[in-house]
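To keep things clear, I will list the structure first and then write my remarks on it.
The values are calculated or read from the model by the stated rules, or taken from the named source; none is laboratory data. Nothing here was measured: the structure is a model prediction, and the numbers come from that model. Neighbour counts are summed over all protein chains in view; Cβ atoms, including those assigned to glycine, are modelled from backbone coordinates with ideal geometry. Surface accessibility is based on the protein's heavy atoms, side chains included, excluding ligands, DNA and RNA. Shrake-Rupley method; radii C 1.70, N 1.55, O 1.52, S 1.80 Å.
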Amino acid sequence: NLPDLAHSPFAHLLDAEDAFHAYTQHHNRKLLRLSHRLQKNYPQVSWIYVDVHAFTDHVFDHAASFDFQNLTDSCQEATVDTHVPFSVLKMAASLPSPQASFVGNCNAFFFFDLIHPTTQVHALLAEHLREIFDQHHLVF
């Protein structure tokens with residue numbers, strides 16, 4: 001599922017936090033319903049639903065304990081992605097970041113660009129997934 005897009009610099013720039021939050025909630029509810037339907041239709045498959053939204057909210061709410069110092073800006077100015085026509089992501093990528101240029105080390109930032117988390121957030125998510133997989137005795 002999606003993390004709460006209302007936290008993103010893009011939502012802040014558009015002053016659209018409520019709309020982004022509502023979109024996130026709507027998307028995640030639909031995805032959870034689909035997950036339940038798949039579990040019902042394919043009972044022979046072992047399903048694990050990972051709540052990325054709850055995890056990223058936890059990290060966001062306890063940012064200091066994860067060494068994040070900047071939750072509002074992106075660490076790099078975005079560029080237009082011409083491969084994603086007429087999409088919100090293209091709109092987000094075409095807006096200038098509040099940061100004038102790349103600041104070098106993004107580890108203190110939650111957001112890499114106006115929508116996407118930094119590699120530091122992804123690393124925390126990967127560790128969280130690893131813990132969940134270990135609890136279910138999954139080996140890759």
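Listed values for segment 116-124 are Karplus-derived 3J(HN,Hα) couplings in whole Hz (6.51 cos²θ - 1.76 cosθ + 1.60, θ = phi - 60°), namely 8, x, 6, 5, 4, 5, 4, 5, 5, and x replaces Gly and Pro. In the context of the full protein assembly, Asp61 retains an accessible surface of approximately 110 Å², using a probe radius of 1.4 Å and ignoring ligands and nucleic acids. Qualifying chymotrypsin sites (Phe, Trp or Tyr not before Pro) in segment 1-56, where qualification requires a DSSP coil assignment and no more than 15 other C-beta atoms within 10 Å, comprise Trp47, Tyr49.
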